[in-house]
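**Q** Have a look at this one.
The values are calculated or read from the model by the stated rules, or taken from the named source; none is laboratory data. Source: prediction; values computed, not measured. Every residue, glycine as well, gets a Cβ built from its backbone with ideal geometry; the counts of neighbours run over all protein chains shown.
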Amino acid sequence: MAVNETNTPVKSQENTHQNTLTFEDQVIKKIAGIAANEIKGILSMSGGFMSGLTDRFRSTEDITKGINAEVGEKQVALDLKVIVE
């Protein structure tokens, strides 16, 4: 801020930036998958026919199997398909 001769503050013209933080759906799905693996009582995630078929050809398990995520501006909606004890 600049000060004029009468010692009162004068507003300077500064650029203001509005910061936003966004997450991809896949990132949220991975976080939810890791969290679901930590919950007692959840045996596995159920991804459906295509997920089961692709798992046969992979060497590692897909952590996002059975998770659908919709990321909005202020909230996230998660759908989990799990097999419980």
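**Q** Just checking, how many residues over the stretch 1-54 are β-branched (V, I, T) and either modelled with pLDDT of 90 or more or under 18 Å from the mean Cα position of the chain (by Cα) (or both)?
**A** Going through the stretch 1-54 one residue at a time, the tally reaches 7.
**Q** Next question, about the same structure. Taking the stated definitions as given, is T64 modelled with pLDDT of 65 or more, β-branched (V, I, T), in a loop (DSSP other than H, G, I, E, B) and more than 15 Å from I83 (Cα to Cα)?
**A** So T64 fails the test.
**Q** So, one more: Pull up the stretch 75-85, narrow it to residues that are under 11 Å from the mean Cα position of the chain (by Cα) and without any contact (Cβ under 8 Å) to a residue 24 or more places away in the chain, then point me to the one that is surrounded by the most Cβ atoms within 10 Å (Cβ to Cβ).
**A** Residue satisfying both the conditions and the ranking: A77.
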